[in-house]
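**Q** What follows is a structure written as structure tokens; I'll ask about it next.
The values are calculated or read from the model by the stated rules, or taken from the named source; none is laboratory data. Everything numeric here is computed off the predicted structure, so don't read it as measured data. Virtual Cβ from ideal backbone geometry, glycine too; neighbours counted across all protein chains shown. Keep in mind that these areas ignore ligands, DNA and RNA; they rest on the heavy atoms of the full protein, side chains included. Shrake-Rupley method; radii C 1.70, N 1.55, O 1.52, S 1.80 Å.
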Amino acid sequence: MKKAISKIVAFLLLAMMFSMSAACATNKGNVLYVVNFKPEFQEYYEYINEKFEEKEGIKVEYVSVDTTNYSNVLSSRFQSGLLDVFFSQIDYMINGQSDYMLELTDMGVEDLFEPDVLESCKIDGKVYTLPLTRNMNTVFYNKKIFEEYEIEVPKTYAEFISVCETLQNLVSNPVGGKTKIAAPILLSGKTEWAVNMMTNQIYLEYVLSQQPNFYDDLKKNEDYAKVNNAVWTEAFTRIKNISPYLNSTFAGLDYSTSSIYFSNGNKGAYYAMMPDGSWNYSQIMKANPSFEVGCFSLPGADSEEDCNITPTKLGYTVSIFKNTQKAEYCKKYIQFLFEEENYEKFLNDTMSASVIPSVPSDNAFVNAMYNQSGETYFSTDSLRVRYLPLEPQASDVIQMLQGKMEVSTVLNNWNTKIAEAYKDWSQYV
């Protein structure tokens with residue numbers, strides 16, 4: 001009797017397990033798994049996913065995590081297979097993630113983009129990701145501070161340092177009745193990559209002012225990839241010279257908090273400038289919708305003519321997981337994102353810059369931000385990424401700004417990193 005009962009129980013357990021397994025398989029087949037690294041876009045995707053579910057009759061399981069944890073989450077999804085559509089950046093594609101990306105041919109949206117934009121999304125002539133925005137480095141500034149103290153937007157590196165000196169003096173000697181200044185520059189170093197938003201602008205302009213054909217020549221000779229020389233030393237000395245004007249706790253400040261401090265102040269004092277990426281404008285405005293913010297391109301060279309370059313590239317992109325079993329639904333999802341009404345809402349909700357000429361942004365500030373310089377590295381930035389993709393180690397730059405590391409050490413470390421990556425230079429030319 002006991003054996004019979006045991007057999008019945010075992011049978012029921014097996015049946016239940018089979019039922020659960022079948023249910024899981026069915027659920028997995030009827031769910032589109034979408035993973036993103038933009039928590040700040042949550043509201044838009046809640047709206048768009050609901051619309052897509054109604055249109056196509058498939059459930060969208062949407063997960064969004066911050067950039068710090070995104071790589072780990074994405075790697076886990078690559079292994080588990082619980083992934084269909086994911087968002088990334090051009091750099092991800094170039095630096096290895098194309099192995100996990102489905103080739104995006106005949107998507108029906110290719111004609112929306114300019115040829116050079118689509119070209120930046122290719123490896124060996126094949127498209128693996130599609131852009132939703134373009135990004136640029138910029139300096140956000142507190143318009144009220146600049147106006148109150150009659151400070152002009154700097155147009156050369158010397159003028160920038162002069163503005164920093166003026167603001168630093170006001171920190172030490174506040175003027176009654178006017179905005180109290182906490183520091184000339186707000187920088188977040190705890191989120192290490194954020195430091196590159198300042199670094200990139202300065203070294204790009206200075207190096208190109210001295211070697212205008214640097215990135216073109218880089219393709220011809222690996223010697224051009226060496227950064228431990230006089231030109232790069234001066235570029236990084238200019239970066240180091242900014243350290244006295246930073247918020248004193250920059251090394252411990254995380255990126256998300258910096259937007260709040262910049263737009264709302266900290267303990268009654270405000271920061272005059274914040275080197276950042278254009279994408280953070282939406283967070284600044286969300287933190288304080290009434291905040292008056294301006295922007296300018298951080299000058300790194302000695303003449304206005306040479307300070308007319310802005311590091312600009314394709315930023316936020318969307319891809320399909322190579323091993324998806326729902327490729328047709330994935331393609332429909334991406335096509336849905338680029339429908340004019342939906343893409344227009346995306347631009348307005350996220351305060352982003354358009355990559356589709358027929359659907360421009362309605363945001364005057366966003367448009368002004370992208371028209372602030374005469375020359376950008378929008379199309380040719382892919383060369384910088386492909387041929388010198390390795391940025392200086394952000395942790396080294398932070399130590400340099402803290403006075404804990406010499407410029408020469410930062411550049412030697414970077415030079416070693418580049419040499420290791422390019423042992424066979426011929427494959428990159």
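**Q** Can you list the helices (runs of 4 or more DSSP H) found entirely within the stretch 110-211 that contain at least 1 residues being closer than 30 Å to Ser319 by Cα and touching a strand residue (DSSP E or B) at 6+ places or on another chain (Cβ under 7 Å)?
**A** Fully inside the stretch 110-211 and qualifying: 115-119, 196-210.
**Q** All but one of (1) at pLDDT below 95; (2) more than 30 Å from Gly294 (Cβ to Cβ); (3) open to solvent by 30 Å² or more (accessible area, probe 1.4 Å) hold for Leu388; which doesn't?
**A** (3)
**Q** Residues in the stretch 32-50 that are exposed (fewer than 15 other Cβ atoms within 10 Å of the Cβ) and either in contact with a helix residue (DSSP H, G or I) (Cβ under 8 Å, 6 or more places away or on another chain) or of a type in the set (Asp, Glu) (or both): how many?
**A** Qualifying residue count for the region: 4.
**Q** Yes or no: the stretch 84-97 includes at least one residue that is crowded, with 17+ Cβ neighbours inside 10 Å, at pLDDT 90 or above, touching a helix residue (DSSP H, G or I) at 6+ places or on another chain (Cβ under 8 Å) and among the aliphatic types (A, V, I, L, M).
**A** yes
**Q** Select from the stretch 353-372 the residues that are out of contact with any Phe, Trp or Tyr (no Cβ under 6 Å at 6 or more places or on another chain), closer than 19 Å to Ser120 by Cα and either open to solvent by less than 50 Å² (accessible area, probe 1.4 Å) or without any contact (Cβ under 8 Å) to a residue 24 or more places away in the chain (or both) and list them in ascending order.
**A** Ser354, Val355, Ile356, Tyr370
**Q** Would you pick out the residues in the stretch 208-219 that are out of contact with any Leu (no Cβ under 7 Å at 6 or more places or on another chain) and modelled with pLDDT under 90?
**A** Leu208, Gln211, Pro212, Asn213, Asp216, Asp217, Lys219
**Q** Quick check on the stretch 350-362. Is at least one of its residues over 17 Å from the mean Cα position of the chain (by Cα), modelled with pLDDT of 85 or more and either under 27 Å from Lys190 (Cα atoms) or of a type in the set (Gly, Ala, Ser) (or both)?
**A** Taking every residue of the stretch 350-362 in turn, at least one turns out to be over 17 Å from the mean Cα position of the chain (by Cα), modelled with pLDDT of 85 or more and either under 27 Å from Lys190 (Cα atoms) or of a type in the set (Gly, Ala, Ser) (or both).
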